[in-house]
1. What base-10 log of the normalised intensity I(q)/I(0) is obtained for region B:7-92 from the Debye formula, alpha carbons as equal point scatterers, at q = 0.18 Å⁻¹?
2. May I have the pair-distance distribution P(r) for region A:17-151, computed from all Cα-Cα distances with 5 Å bins from 0 and rounded to whole percent?
3. May I ask what percent, to the nearest 5, of DSSP beta bridges between residues of chain B are antiparallel?
4. What Kirkwood Rh does region B:58-103 have if only Cα atoms enter the pairwise 1/r average? Answer in Å.
5. Sequence gap at least 6, Cα distance under 8 Å: using those rules, report the relative contact order of chain A to the nearest whole percent.
6. As a quick test, which of the pairs B:K194/B:K261; A:K62/A:K125; A:K77/A:K125 have an alpha carbon distance above 18 angstrom in this structure?
7. Label 7 Å along Cα→Cβ of B:A283; region B:208-242 residues with amide nitrogen under 11 Å?
8. Considering only DSSP beta bridges whose two residues both sit in the protein assembly as shown, what percent are antiparallel, to the nearest 5?
Amino acid sequence: MNKLKMHPAFARGELRRGKKVLVTGGLGFIGSNLVDSLIAHGHKVVVVDRNKPSFFKPLNPKAKHYRMDFSAPDIEKVFKKEKPDAVIHLAAQISVTRSIKDPLSDALNNIIGPIRLLEVARKNKVKRFLFSSSGGAIYGDYPKFPTPELCSVKPLSPYGIGKQAFEYYLFQAAKLYGFSTLAIRMSNVYGPRQGLGGESGAIGIFCKQISLGEPILIFGNGRQTRDFLFVGDAVEAFHKGLDSNLEGFVNVSSGREVTIKKTLDLVAKAAGLKVNPEYFSARPGEILRSVLDNRQALKKLGWKPKTSLEEGIKITYAWFNEHKDLYRKLGSSHH
Amino acid sequence: MTKKYTKVLVTGGAGFIGSHVVDLLIKRGYKVVVVDSMKKKKGWINSKAHYYRIDIRDPKLKSIFVKEKPEVVIHLAAHIEDRVSVLEPVMNAENNIIGLINVFENCRYSKVKRIVFASSGVVYGQQKKFPIDEKVTPWPTTPYAISKLVGEHYLNFYNKVVGISGVALRLANVYGPRQDSRGDSGVLAIFSEKMFKKQQPVVNNDGKTTRDYVYVGDVAQAFVQAVESDYIGEINISTGRENSTLEIFKTIKGLTKSDCKLVFNPKHKDVVRRVSLNPKLAAKVIGWKPKVLLKDGIKATVIWFKDRI
């Protein structure tokens, strides 16, 4: 069973508003949306991200950016200077395929670096640490749908192993030091600013292909399923995570299982077009079904998804269509 | 069991458990290559094995795999001090996760056929039912325990996705000759040495913490049988019995004829109070059973320490 529990030291709601939050990967897809929202809600935000701000890696003008790797030795100085109340750790190596080819660099980015960050955060009196974990990659092909918060699974890819590994370090720090930590196991997040790399970006890729009039490719028979979560809902879950004192791990997902073909139809509908996809052989190791049980998030975090897939796809398509020239230039190498 | 392979590479093969494994492999007629950093000690050397002094994280490990072309790898090299891992989790993970991946990646590219990984019973954490069997959900409580469980998960990846057959041996508390008495684990080694040196040993907590103590000679046998089987998964290597620190103290005190007092360190709390691991699966799938009784094993250990002092 899931080891969710409340931590008494954080029952006072110290983190409600106006606190300082350090966000790693704060220029990324989820990160930049989260930073905007945190600032809109009156938080001060420090972004640690090794990238340079750009259209696809936007920096909110009210956020302070440290252009550095979150695992660099200098990170300690950032904590000493900024004294953040909370850390949201989003920066990661995000490609499952790359993790299979090069498990060593995946583990350096997704296990070793994060342990170092966790240590620095704890020693610098951070009060709350949230981690963006991954439901699909941890559960793999576990044959129970929707998949609840399992703890006895062996993830198949090094990416999933790494995500779960860091969760163990989070629990250990919570248990031994009373350091308040929570892993948010997200399903496939989509929405404006989505990149085109990684494997979870089907909606973004369809939006790009349709808006640019490119051929539409489906790998496999199109009947493989995903649980797509709108980025605005994902951001909301992090807000709830900051405000709560929940520890352990929790699924954050739409809870709706939808096929890739149906997803494509919804994007086409949003675009007002009819499409004819080309089918290619399935990618090796691709998960056939994925849908997460999100009831614990409602019960323990008071969170539930608000944006329907139809609505979210409409917003996302409009954004891609508006910026299609930039996506054309970006090509498909972007991560 | 029959011999299917001729050449075995043992990481950590100059250490306490590793050296016993190497000795037994040589006796069984294997060609043995050892990779060991020999950081803390000169190591236990078998003249018939070939030794490379190198850290498992070193990129140069590749040239050893390319040159030696082992068919089997036994991965024992690790940072093993549980309590130190709590203070230095990054260092522990760099050894036990990054080092392990480096070893397994070399297995991948040099076509190793089988990996035997030294995991640990610590992966279970505090459980409620004893003896613990392999089906329960592990709940590691220290960075060391986490690193061992994560190592099993990588082994599973190399097995399922890369196609290397692999088995993880979840070792109970291994004791016996050659155990390092300087660390914080290995209560038998520590008590034996202190009592022979007429020093005062300290019993942690209230002495009632129990562990499953398995003799190193039996453990070495388990490794050889794991090499020679095709079993894939995790197996307890243990006795299924529980003995308290106090019982160990009294037995060694009797054997060494020590007149030391019973001194407790109540400040030291053990998170995990009870351990015994069910060894039935090992009997079934690799035909292994512990043979050495605790009293005989302790006697052998004590004699070994006596000869060295």
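1. -0.75
2. Histogramming region A:17-151 at 5 Å steps yields 2, 10, 19, 20, 19, 14, 9, 5, 1, 0 percent.
3. Details: 2 of 38 bridges.
In chain B, approximately 5 percent of DSSP beta bridges are antiparallel ones.
4. Working: mean 1/r = 0.0842 Å⁻¹.
That comes to 11.9 Å for region B:58-103.
5. Details: 676 pairs, mean separation 66.1, N = 335.
Once normalised by length, the contact order is 20 percent.
6. Working: B:K194/B:K261 12 Å; A:K62/A:K125 24 Å; A:K77/A:K125 14 Å.
Listed pairs above 18 Å: A:K62/A:K125.
7. Zone members listed by number: B:240.
8. On the way: 6 of 76 bridges.
Taking every DSSP beta bridge within the protein assembly as shown, about 10 percent pair in antiparallel fashion.
Values quoted throughout were computed directly from the atomic coordinates according to the rules given, and no laboratory measurement underlies them. The structure presented is a predicted model; accordingly, all values stated were derived computationally and were not measured. Note that we place each Cβ from the backbone using ideal geometry, even for glycine, and neighbour counts take in every protein chain shown.
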